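Values quoted throughout were computed directly from the atomic coordinates according to the rules given, and no laboratory measurement underlies them. What you see is a predicted model, and the numbers here were worked out from it, not measured in a lab. Cβ placement follows ideal geometry from the backbone for every residue including glycine, while neighbour counts extend to all protein chains displayed.
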Amino acid sequence: MGKVLIIGAGGVGTVVAVKMAGLPEVFSEILLASRTKSKCDAIAARVGGNRIQTAQVDADNVPELVALINSFKPDLVVNVALPYQDLTIMDACLECGVSYLDTANYEPKDEAKFQYSWQWAYKERFEQAGLTAILGCGFDPGVTSVYTAYAAKHHFDEIQYLDIVDCNAGDHGKAFATNFNPEINIREVTQKGKYWENGQWVETEPHEIHQPLNYPDIGPKESYVIYHEELESLVKNFPTLKRARFWMTFGQEYLTHLRVIQNIGMARIDPIIYNGVEIVPIQFLKAVLPNPGDLGENYTGWTSIGCRIRGLKDGQEKTYYVYNNCSHQVAYDETGTQGVSYTTGVPAMIGAMMYLQGKWKKPGVYNVEEFNPDPFMDELNKHGLPWVELHNVDLEL
Ligand code: NDP
């Protein structure tokens, strides 16, 4: 049905490629391109059957991207490289007349500040070109945003309180490792906390607000309010929200390592001179930490991510909890990667499917909650991320 170019061959790119390769009726031709071509070749070999073509590309370089896109002529570019590449890839898509999808919003390399304004600024250009840009189509952002849209559409007249709860109850057996790109991950979790309340953002110190929350089939886990990018678009698209927060679980061991990393300067994102060579400490740290893509083999346990929502239905207050639990081991057996890559890559594949099937296709730049959630929710059940709904339960929040 459609040709797709995947950019980025990390943990998430692996899952997207493997999942798309299994659906030839939707993804008739697949090109996987990344900075290091050998990684693309390894993924293609794993899939076999000449299903996946590969190429080398520097996605920071618009002319290189344009040449690649024009030679392959895809219907859609799926960006699962890093957030730093969002704008160059969007520029190249506009130049070539191709639609775009990603899983993380743009972040400049020299400032740990992610926000949608840079990508929303492309809205008119995508509209005028008749192209679609689908932003944030991983799990969070992505599925959590679709869950919210689904709840608002089917279960509430007005959603008022949203708590996105993200638990990784897995054990990879390492003293310290991050579950996705360490540089992006550490920048995200060490920043100040922020949540939405009564029409304004409330800022907190990093990890200041925390409490144990119970996760289904997992039990209680200490959970911390952090800022997460989907809050920005959700409070805009659901203006009835009085409060919106994002909670993530962290173990004490992880937090201790994080504190040490920060205290000794290894989380710095500004360049320093080492032996006459300029290096960025956090990039050096990434080079010595375990590769998230290699964590899968001995990873046990589950991720549990969902939305806890309170609001009004027929004049009555009601509560609703929708979530998915994903087994690291099952994800590894299917795709060779752990659960965090899996829970991101599967929704990216489904978003691409929605576009190619014409279900999520409209000129402009959109966050996923602005599309019809129903067909996406159906596909989650079919492709490894089934969801569970609980009505009128104690949300603990
Ligand atoms: P990885 O670091 O494992 O992979 C990133 C890939 O992008 C690597 O193959 C890397 O190449 C490639 N890349 C980096 N820079 C360039 C460049 N300039 N040109 C071409 N390719 C490049 O990251 P993950 O797979 O863990 O994460 C991928 C994306 O998914 C990130 O943007 C992350 O923020 C997002 N994400 C989203 C989540 C969600 O739920 N929404 C959750 C988790 C992640 P090389 O191999 O040479 O380094």
Rounded to the nearest 20 debye, dipole of the stretch 2-135 from Cβ charges on Lys, Arg, Asp, Glu: 480 debye
Work out the P(r) tail for the chain: percent of alpha carbon pairs separated by more than 35 Å, whole number. 22 percent
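Starting from the Cα-Cα distance between Lys3 and Ser117, subtract it from 0.36 nm times their residue separation and give me the gain in nm to one decimal.
38.1 nm
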Karplus-derived 3J(HN,Hα), 6.51/-1.76/1.60, for each residue of the stretch 385-392, Hz, glycine and proline x: 10, x, 10, 10, 10, 10, 10, 6
Counting sequence-distant residues (5 or more places) and residues on other chains, those with an amide H built under 5 Å from that of Phe250 are Tyr224
Quarter of Cα convex hull surface for the stretch 2-135, i.e. mean projection, nm²: 7.6 nm²
Quick one: Karplus J couplings for the stretch 213-226, per residue in order, coefficients 6.51, -1.76, 1.60, θ = phi - 60°, nearest Hz, x for Gly and Pro? 10, 8, 10, x, 6, 10, x, x, 9, 4, 10, 10, 6, 10
Amide H neighbours of Thr319 under 5 Å, counting only residues 5+ apart in sequence or on other chains, H built in-plane at 1.01 Å? Asn392, Val393
How many nm is it between the label spots at Gln160 and Lys236, if each spot is 7 Å from the Cα in line with the beta carbon? 2.6 nm
For the pair Asp60 and Glu197, the simple spin-label estimate (label points 7 Å beyond Cα toward Cβ) gives in nm 4.0 nm
Could you give the dipole magnitude of the chain about its Cα centre, charging the beta-carbon of Lys and Arg +1 and that of Asp and Glu -1, in debye to the nearest 20? 400 debye
For Thr103, list long-range residues whose amide hydrogen, built 1.01 Å from N in the peptide plane, is under 5 Å from its own amide hydrogen. Gly136, Cys137
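Can you tell me the order of 25-35, 347-357 when each peptide is scored by its average per-residue count of other Cβ atoms within 10 angstrom, highest first?
On the way: 25-35: 20.5, 347-357: 25.0.
Top of the packing list down: 347-357, 25-35.
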Helix-only [θ] at 222 nm, the chain, -39500 (n - 2.57) per DSSP H run of 4+, per residue, nearest 500, equals -10500 deg cm²/dmol
Two-decimal log10 I(q)/I(0) for the stretch 310-349, as the Debye equation yields it once each C-alpha is a single scatterer, q = 0.20, 0.23, 0.29 Å⁻¹: -0.61, -0.70, -0.94
Peptide ranges 4-10, 297-303, 389-395 listed from the most packed, as the mean C-beta count within 10 angstrom indicates: 4-10, 297-303, 389-395
Do the alpha carbons of any pairs in Lys174/Lys286; Lys113/Lys362; Lys192/Lys242 sit beyond 24 Å of each other, and which pairs? Lys113/Lys362
